[in-house]
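The values are calculated or read from the model by the stated rules, or taken from the named source; none is laboratory data. Worth saying up front: this structure is predicted, and the values here are computed from it rather than measured. Ideal geometry is used to build each Cβ from the backbone, glycine not excepted, and the neighbour counts take in all protein chains shown. Surface areas here come from the heavy atoms of the whole protein model, side chains and all, with no ligands, DNA or RNA. Shrake-Rupley method; radii C 1.70, N 1.55, O 1.52, S 1.80 Å.
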Amino acid sequence: MKIFSASQMRMADEVTIKSEKISSLELMERAASQIFNLLHHRLQGAQIPIHVFCGIGNNGGDGLVISRLLVEHGYNVKTYIVNFSENRSKDFLVNYDRLKEIAKEWPFQIKSEEDFPTVQYQDMVIDSIFGIGLNRPLVPWVTQLIKHINNARCFTLSVDIPSGLYDYKKPDDAEGVIFADVTVTFQLPKLVFFLPQTGGYTKEVEVIDIGLDRNFLHQTPGIAELINKNEVVPLYRSRHKYSHKGTFGHCVLIGGSYGKIGSMVLATKAALKMGAGLATAYVPECGYEVLQTTVPEAMVITDSDDELEEINLDFEPSAVGIGMGLGTDEKTIKAFEEFLKENKAPMVIDADAINCMAKKPELLEHLPLQTIITPHPKELERLIGKWEDDFDKIRKAQEFSAKYRCVLVVKGANSLIIYEDQIYINNSGNPGMATAGSGDVLTGMLTGLLSQGYDPIRAAVLGTYLHGSAGDLIAQKNGFEALIAGDIVNNIGQAYLELFRQPQQQEQKS
Ligand SMILES: NC(=O)C1=CN([C@@H]2O[C@H](COP(=O)(O)OP(=O)(O)OC[C@H]3O[C@@H](n4cnc5c(N)ncnc54)[C@H](OP(=O)(O)O)[C@@H]3O)[C@@H](O)[C@H]2O)[C@H](O)CC1
Ligand SMILES: [K+]
């Protein structure tokens, strides 16, 4: 599913108004009535106090439409106009008059802290103060109003985006943003819902189709792509009856050091479970017996005793996954450098192999085209430096990717797959996956896909999705806490099957 910027959303609006020959007012009515329908369906006329806070722009206009429909259906509604500007939008004004015509009680004006209403825990709030039009810091009393609403801790529905969130940078005051239980957003999800600094402002996201122009939506490249099941199914390559293990390649997993051989067990198993035809683990001597016993399907080549000092393969691998438990000893860095100069196979670089490159950036010059690098945030910082906020992080990651022509998989709650100007946001996975070895499994999975001939971007997107999906299957059975990396490997088969089990019911989750 595409993600648009605020200006692209506005353009979609304008194109729809022209192509459908409807007015912006009708579009507002259409969008807001869908939110009302959702609410009405869930509330079934319940008489809880509903506080609708409206700004003075089109987000506020949406709030006024919702208010009017709630009043018309006999709900217990209080409407407030948050007067942060005299610049009221045209459609706001029309809906303001429409509400006044039917409501017994006129909207209440809020101009300063003295006007703040009492909101109680058992009430409900509709947040229609700011939408995607926020473009500068809030005046202090509006920030206070948002904090006042948050303090009530009552059920809060944000219209389009939690008020106080920009769609292009982090908020000025981390507390000056509505904490929404649910955000009902128009047509396409917004990037902020999936980034670590801003994703937590809404517990749930629902995307509603307000019928914006299909051609425009299809033809306009988004700023990012949200990856759900629907997006990955077409990436899967089915197997032919007459294929043999050679068809799926012979990959090598390189890493391990004394006390960290388990990471190699996880990665090697994961590569095989993903469908690699053959897998060799290249480990220090101390890992030999462990690997032969725990992954009998794999072959093992060993180097010196406790850490890798040389990487000499006696075959041409179809793909390489390197870094798990590798260590960053000078000798290991040297071995890695020599290997990089020789190697032509597609690669996945993880963990200590990333740290080796951070210590010796010249290594980056030797990466094969579209090498996949899978940093967690700290490793990413070692590669690209510090960032201002998540948006700056993405820009810097894109520059890095363009410079070295590599695919970055930035691991996190919603892992980002970045290749030059392309951004994919993985939407599978859960907090239980923040567990030891989870990254080693991912590296093995991606290597297993490269081994079968998937191109690196497809491999990164499909592999990251399946990794999260395997984790989701475990969490459904065992919960988050008991989830361990070995379980992810064991559920890879189920994650593949899940791709084809049933059409996706719900497009969106945050
Ligand atoms: N296609 C759609 O998605 C539809 C969207 N709708 C809704 O429209 C909003 C966007 O509405 P917009 O009027 O553009 O913006 P806002 O309502 O978010 O903000 C109103 C104006 O407030 C000004 N502004 C911005 N920041 C501040 C601030 N810190 N303090 C004071 N004022 C501020 C700004 O105007 P300026 O001219 O003063 O810069 C904003 O324009 C979208 O989110 C949806 O809810 C449609 O209803 C349906 C179709
Ligand atoms: K809002």
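On the basis of being surrounded by fewer than 18 Cβ atoms within 10 Å (Cβ to Cβ), closer than 20 Å to H467 by Cβ and either in contact with an Asp or Glu (Cβ under 8 Å, 6 or more places away or on another chain) or not assigned by TED's automatic domain parsing to the domain that holds Y168 (or both), does A436 make the cut? Judged against the criteria, A436 is a match.
Condition first: within 13 Å of ligand 1 (Cβ to nearest atom) and either in contact (Cβ under 8 Å) with a residue 60 or more places away in the chain or crowded, with 24+ Cβ neighbours inside 10 Å (or both). Now tell me which residues in segment 138-161 satisfy that. Let's see the steps before the verdict.
First, pick out the residues of segment 138-161 that are within 13 Å of ligand 1 (Cβ to nearest atom): 138-143, 145-146, 157-161.
The answer is V142, L145, I146, L157, S158, V159, D160, I161.
Can you confirm whether segment 277-292 contains a residue that is farther than 28 Å from N414 by Cα, open to solvent by 30 Å² or more (accessible area, probe 1.4 Å) and touching a residue at least 40 places away in the same chain (Cβ under 8 Å)? So far as segment 277-292 goes, no, none of its residues is farther than 28 Å from N414 by Cα, open to solvent by 30 Å² or more (accessible area, probe 1.4 Å) and touching a residue at least 40 places away in the same chain (Cβ under 8 Å).
Kindly evaluate Q187 against the criterion of being away from ligand 2 (no atom under 13 Å from the Cβ), under 23 Å from the mean Cα position of the chain (by Cα) and open to solvent by less than 60 Å² (accessible area, probe 1.4 Å). In short, yes.
Of the candidates V119, V182, the single residue that is within 13 Å of ligand 2 (Cβ to nearest atom), over 19 Å from N87 (Cα atoms) and modelled with pLDDT of 95 or more is V182. One residue stands out in segment 445-488 among those that are β-branched (V, I, T) and surrounded by 24 or more Cβ atoms within 10 Å (Cβ to Cβ): the one that is farthest from the chain's Cα centre (by Cα), namely T447. Among the residues of segment 119-148, those that are part of a loop (DSSP other than H, G, I, E, B) and either hydroxyl-bearing (S, T, Y) or more than 22 Å from V192 (Cβ to Cβ) (or both) comprise V119, Q120, Y121, Q122, D123. Across segment 116-137, the number of residues qualifying as open to solvent by 40 Å² or more (accessible area, probe 1.4 Å) and among the aliphatic types (A, V, I, L, M) comes to 0. Looking for something open to solvent by 30 Å² or more (accessible area, probe 1.4 Å), within 16 Å of ligand 2 (Cβ to nearest atom), in the same structural domain as L165 (by TED's automatic domain parsing) and not aromatic (F, W, Y) - is there at least one such residue anywhere in segment 63-81? Checked against the condition, which is being open to solvent by 30 Å² or more (accessible area, probe 1.4 Å), within 16 Å of ligand 2 (Cβ to nearest atom), in the same structural domain as L165 (by TED's automatic domain parsing) and not aromatic (F, W, Y), segment 63-81 yields no hits at all. Put simply, of P296, P317 the only residue that is touching a His at 6+ places or on another chain (Cβ under 9 Å) and either outside the structural domain of S438 (by TED's automatic domain parsing) or not in a strand (DSSP E or B) (or both) is P317.
Those strands (runs of 3 or more DSSP E) of segment 376-459 in which at least 2 residues are out of contact with any Ser or Thr (no Cβ under 8 Å at 6 or more places or on another chain) and not small (G, A, S), considering only elements entirely within it, cover 422-426.
Considering each residue of segment 49-62, count those that are under 34 Å from the mean Cα position of the chain (by Cα) and away from ligand 2 (no atom under 13 Å from the Cβ), and give that number. Talk me through it step by step, then tell me what you get.
As a first pass, look at segment 49-62 and keep what is under 34 Å from the mean Cα position of the chain (by Cα): 50-62.
Add one more test, that the residue is away from ligand 2 (no atom under 13 Å from the Cβ), and what stays is 50-51.
Total meeting the criteria: 2.
Pairs are defined by a Cβ separation below 9 Å, a sequence spacing of at least 6 or placement on different chains, a first member in segment 6-22 that is more than 24 Å from Y166 (Cα to Cα) and open to solvent by 90 Å² or more (accessible area, probe 1.4 Å), and a second member that is more than 7 Å from ligand 1 (Cβ to nearest atom) and assigned to a loop (DSSP other than H, G, I, E, B); the pairs so defined are K18/D213.
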